[in-house]
Amino acid sequence: MSQTPRSYFRPTTDPAVLAVQFIVVSLAFFLLGGTLALGMTGEATLPGIELLGAEAYARAFTNHGSIMIFLWLMPAVAGLTHALLPRVLGSTRSALPRLAGLGFWLLPAGGLTMIASFFLGGASSGWTASVPLATQTPGAGQTLWVASLILLVLSLGCNATGFLATILNSRRQEIRGLPPFAVATLISSALVLISSPVLLAALGALLVDRLVAGPSFLAGSIGLTLWQNAFWFFAHPAMSILLLPAIGVVSEIVQANTGKPLVAGRSVSLAMLMVGGLGLVSWGQHMFASGLIPTVRVSFMLTSMAVAVPLAFIVLAWLTTLWIGTVRFNTPMLFSLGFISMFLLAGLSGLVLASVPANLYLHGTYFVSGHSHLALFGGVMSGLIAGIYYVFPNLTGKDYDENLGKLHFLAHVGGVHLAFLPMLLIGLQGIPRRVFDPGPGLELFQLASSGGALILAGASLLFLYNLFFAWRSGRPARLTEPTQ
Amino acid sequence: MRERNILLVTILILSLIGVGIAVASLVRPVPQAASDRAVLVDQLLRVTFGLATAVFLGVEGLLVFAAVRGRLVRSSPAIGNPASSLELLWLAVPAAIVVVLSVYSIRVLLLVEAPQADPLLVDITASQYQWEIYYPENGLTSNELHLPAGRPALLQFRSRDVIHSFWVPAFGAKVDALPDRVTSLSLTPIRTGEFEAVCAEYCGAGHAGMIASVRVDDPTQFDQWLQSGGGDP
C-alpha cells in the first residue's frame with residue numbers, strides 16, 4: 001500500500017511486493033501462452049487454411065505448454081503464496097528473504113531466455129521434450145529453451161525452499177495446528193524439493209547432450225527410459241504441486257465466507273499429505289504405452305487411482321462446511337465453488353486415464369489434453385483466480401468491481417466447459433493430440449472448443465481489466481480482515 | 001420428517017444409479033470396435049463413464065444444495081465432534097469406487113494381455129513419418145497392415161529414429177515404437193473392414209500425416225492377399 005510504482009522494479013525481500021511482482025509477471029506470460037493457444041485453436045478449426053503450418057504449430061504447442069506451467073501457473077502460485085502465507089501464519093517474517101528475491105529474479109531471466117529461443121528457431125519437441133526427439137531436433141532455439149527451463153526450475157526451488165523454511169520457522173510450533181493454506185504450501189514445497197532436482201539433472205543432461213556432438217547421457221533406449229522417468233518424476237507431482245495450494249486457498253476462502261472452520265480440518269491436512277505422497281509415486285502413469293513391465297504398470301495404476309480417495313475426502317469436507325454454514329457469494333467464493341465443480345470433472349476424467357486398459361486407448365489423444373486443461377484451467381487456475389481476488393484488497397488497498405468479478409466467473413466457467421469438454425470427446429473419437437487438423441466429422445466439437453477458447457480469452461481480459469483499473473483508480477478497500 | 005428424508009435420499013440415489021446405467025448403456029466410447037481388446041475396453045469405458053456421470057451429478061447436486069442451504073434454512077445442523085462416522089463414510093465411498101474400477105481394470109488387462117496360441121506375427125517398423133509392415137512368415141513387406149479376422153495377431157514394434165506410437169482406434173489400444181527396443185501388442189480382429197493406423201506420440205513436423213491403412217479381411221481373402229505378394233486381391 002505504501003509502495004511507489006518504482007518499488008516493484010527493485011529487488012526486494014518484502015512478501016507483499018514479491019507477491020505483486022510474481023503475479024504481474026506471470027499474468028503477462030499467461031497472455032503470451034494464451035495467444036499461442038488461440039493460434040493453435042485457429043489452425044485446428046479452420047481446415048485448409050494454413051494459419052501456422054506444421055512447424056510453427058509444433059513450436060506453438062511446445063511453448064504454450066512450458067509457458068503455462070513454468071511461467072504462469074508455478075510463479076502465479078508463488079505470488080499468491082507470498083501474499084497469503086504471511087496472512088495465515090500471522091507473521092510477515094520470511095525465513096529466507098534473499099532466496100525469495102532470487103526466486104523472483106530468475107523468473108524474468110528464464111522467461112526472456114525462452115522468448116529469445118523463439119527467435120532462434122524455437123523449441124518444437126513438445127513441452128515433455130521427449131528424448132530422442134528432443135536431442136535430435138536441430139537448432140539453437142531448442143537448446144536455449146532447455147536452458148530457460150533450467151532457470152525456471154531453479155526459481156521454483158528457491159521459492160519452495162523459502163516457503164518451507166518460513167512455515168517451519170513460524171511461531172506456531174505445532175504442525176498439526178497449521179491453517180490449511182500453510183499445510184498445503186508445506187506439502188507442495190516439499191514435493192518441489194523432492195522432485196525438481198531429478199528434473200534439473202535430466203535437463204542438465206539434455207543440455208550437455210545438445211551442446212556436445214551426439215548424445216552421451218541420454219543415448220539409446222536407456223537414455224529415453226531415463227528421460228521419461230526423470231521428466232515424469234517431476235511432471236506428475238507437478239499436478240499436486242499446483243493443486244495443493246489451490247486446495248489450500250479454496251479451504252481458506254470457504255472458511256472465510258461460511259464463517260465456519262473447515263469440518264474435519266486435521267483429516268483434510270492428512271488427506272493433502274496423501275495427495276502429495278501418492279503424487280510422488282504415480283509418475284509411471286504416463287509410460288503405460290512405453291513397454292513398462294506389466295506388474296509395474298499395475299502398481300502405478302493403483303497409486304494413480306488411489307489419489308482419488310483423499311481428493312474426494314477433501315471435496316466432501318468442503319461440502320459439509322458449506323452445508324453447515326451460510327455462504328457469502330462474493331467473487332472469490334464463486335471461483336472456489338467453480339474450482340470444486342471443475343476439479344471434480346478433471347478428477348473423474350483422470351480416473352479414466354489411470355486405468356491401464358483405458359489409458360492404452362486414450363493416452364496421447366485429445367482426451368489427455370482435455371483432462372489436463374480441465375485440471376489446470378478449470379481446477380488450479382480457478383483456485384488461483386479465487387486467491388488473487390481474495391488477496392487483492394490486502395495487496396493493493398483497493399476494492400475490485402464485484403459485478404465485473406461475477407461476470408468474469410460466468411464467462412470463465414462457461415468457457416472452460418465449452419473449450420475443454422469437447423476435447424475429451426474428440427480424443428474418444430480417436431484423434432491423437434498435437435495433430436493440427438482433427439479431421440472430418442469433428443468440426444462441430446472443434447468449433448465449440450474454439451468458441452470456448454475465445455470466451456476464455458474474453459474472460460481473462462475482463463479479469464486483467466478489473467484488476468488493473470481497481471488498482472489504479474478503485475475505491476479504497478473495506479477490509480474485513482486486518483492487514484499486516 | 002426423518003423418514004421422509006431417508007425416502008428422499010434413497011430415491012435420489014436410485015435415480016443417480018439409473019442415470020449412470022443409462023449413460024453406460026448408451027455411450028459408445030470406442031467407435032467401430034473391431035478387436036477383442038476394443039470390445040473389452042469399450043465396456044470398461046462405458047462402465048467408468050456411467051459411474052463418473054452418477055458421481056458428478058450427485059456431488060454437483062450436493063455442492064449446489066450445500067451452497068444455498070444456509071440461505072434457505074437458517075439453522076446450523078450440529079456435526080458430531082469428532083465427526084468420525086461421517087469421515088469414515090467419506091473415505092469408504094470413494095475407496096469402494098476406486099477398488100471396483102481397479103479390480104475391473106486388472107481383469108480386463110489380464111484378459112487382453114493373455115498370451116494367444118498360434119498368433120500371426122507382424123513386425124512393424126516406424127520411422128519419420130511412415131510405418132513399414134513385414135510378415136516374417138511369408139517374407140512380405142507392405143505399407144498397409146492386413147490382418148485376418150478371427151486369428152490372434154502379435155504385432156511387434158521397433159523404431160528407426162524417435163518414439164512413435166502405433167494406434168488403430170478401432171483396435172482399442174496403442175503401443176509405443178521405441179528405438180533399440182521391441183514392444184508388442186496382441187489382439188484378435190473380430191470384424192472385417194478398413195481402418196487407419198495413426199501415430200499417437202509427437203514425432204516431428206510430419207507427425208499428423210503418419211497414417212497407414214489397415215484392413216481386416218476374412219481369412220481366405222487374407223491368404224489371397226498374401227499370395228498375390230501384397231497387391232489388391
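The values are calculated or read from the model by the stated rules, or taken from the named source; none is laboratory data. Only a predicted model underlies this, so the values are computations on that prediction, with no experimental measurement involved. Ideal geometry is used to build each Cβ from the backbone, glycine not excepted, and the neighbour counts take in all protein chains shown.
Worth pointing out:
- Residues satisfying the stated conditions in the range A:167-196, i.e. hydroxyl-bearing (Ser, Thr, Tyr) and modelled with pLDDT of 95 or more: A:Thr185, A:Ser188, A:Ser189, A:Ser195, A:Ser196
- Residues that are buried (at least 23 other Cβ atoms within 10 Å of the Cβ) and either under 11 Å from A:Phe231 (Cβ atoms) or in contact with a strand residue (DSSP E or B) (Cβ under 9 Å, 6 or more places away or on another chain) (or both) within the range A:179-198 comprise just one, A:Ser195.
- In the range B:125-148 there is at least one residue that is in contact with a strand residue (DSSP E or B) (Cβ under 8 Å, 6 or more places away or on another chain), free of Cβ contacts under 8 Å to residues at least 40 places away in the same chain and either of a type in the set (S, T, N, Q) or surrounded by 22 or more Cβ atoms within 10 Å (Cβ to Cβ) (or both).
- When residues of the range A:286-305 are limited to those that are of a type in the set (S, T, N, Q) and modelled with pLDDT under 95, the one surrounded by the most Cβ atoms within 10 Å (Cβ to Cβ): A:Ser290
- Among the residues of the range A:312-330, those identified as part of a helix (DSSP H, G or I) and either at the interface with chain B (Cβ under 8 Å from one of its Cβ atoms) or touching an Asp or Glu at 6+ places or on another chain (Cβ under 9 Å) (or both) are A:Ala312, A:Phe313, A:Val315, A:Leu316, A:Ala317, A:Leu319, A:Thr320, A:Leu322, A:Trp323, A:Ile324.
- Search result, residues across the range A:221-232 that are in contact with a Ser or Thr (Cβ under 7 Å, 6 or more places away or on another chain) and either surrounded by fewer than 21 Cβ atoms within 10 Å (Cβ to Cβ) or among the acidic types (Asp, Glu) (or both): none
- Hey, B:Arg158 in a loop (DSSP other than H, G, I, E, B) and at pLDDT 95 or above or not: no
- The range B:96-124: number of residues that are charged (D, E, K, R) and either at pLDDT 95 or above or touching a Phe, Trp or Tyr at 6+ places or on another chain (Cβ under 8 Å) (or both): 2
- Of all residues in the range A:199-220, those being assigned to a helix (DSSP H, G or I) and crowded, with 17+ Cβ neighbours inside 10 Å number 9.
- Which numbered condition A:Leu278 fails, given (1) within 14 Å of chain B (Cβ to nearest Cβ); (2) surrounded by 23 or more Cβ atoms within 10 Å (Cβ to Cβ); (3) not hydroxyl-bearing (Ser, Thr, Tyr): (2)
- Pairs with Cβ under 8 Å, 6+ apart, first in the range A:422-442 and free of Cβ contacts under 8 Å to residues at least 40 places away in the same chain and more than 9 Å from every other protein chain (Cβ to nearest Cβ), second polar (S, T, N, Q) and surrounded by fewer than 22 Cβ atoms within 10 Å (Cβ to Cβ): A:Gly441/A:Gln429; A:Leu442/A:Gln429
- Residues considered: B:Val198, B:Val216. Of these, the only one that is part of a strand (DSSP E or B) and more than 9 Å from every other protein chain (Cβ to nearest Cβ) is B:Val216.
- Top-ranked residue of the range A:357-377 - restricted to ones that are touching a Phe, Trp or Tyr at 6+ places or on another chain (Cβ under 7 Å) and within 13 Å of chain B (Cβ to nearest Cβ), ranked as farthest from A:Leu85 (Cα to Cα): A:Leu360
- Considering A:Ala289, A:Ala306, the condition of being within 9 Å of chain B (Cβ to nearest Cβ), more than 30 Å from B:Phe157 (Cα to Cα) and in contact with a Ser or Thr (Cβ under 9 Å, 6 or more places away or on another chain) is satisfied by A:Ala306 alone.
- Verdict on A:Gly126 being within 23 Å of the chain's Cα centre (by Cα) and within 14 Å of chain B (Cβ to nearest Cβ): yes
- Filter pass, A:Met333 being touching a Leu at 6+ places or on another chain (Cβ under 8 Å) and in a helix (DSSP H, G or I): no
- Scan of the range B:87-117 for residues that are under 30 Å from B:Pro152 (Cα atoms) and more than 7 Å from chain A (Cβ to nearest Cβ), ordered by number: B:Val100, B:Val103, B:Tyr104, B:Arg107, B:Leu110, B:Leu111, B:Ala114, B:Pro115, B:Gln116, B:Ala117
- Residue within the range A:52-68 that is under 15 Å from A:Pro108 (Cβ atoms) and buried (at least 19 other Cβ atoms within 10 Å of the Cβ) present: yes
- Looking only at residues of the range B:175-191 that are over 17 Å from the mean Cα position of the chain (by Cα) and surrounded by 22 or more Cβ atoms within 10 Å (Cβ to Cβ), we find that the one that is nearest to the other protein chains (Cβ to nearest Cβ) is B:Leu178.
- Failed item, numbered, when A:Phe22 is tested on (1) in a helix (DSSP H, G or I); (2) modelled with pLDDT under 95; (3) in contact with a helix residue (DSSP H, G or I) (Cβ under 6 Å, 6 or more places away or on another chain): (2)
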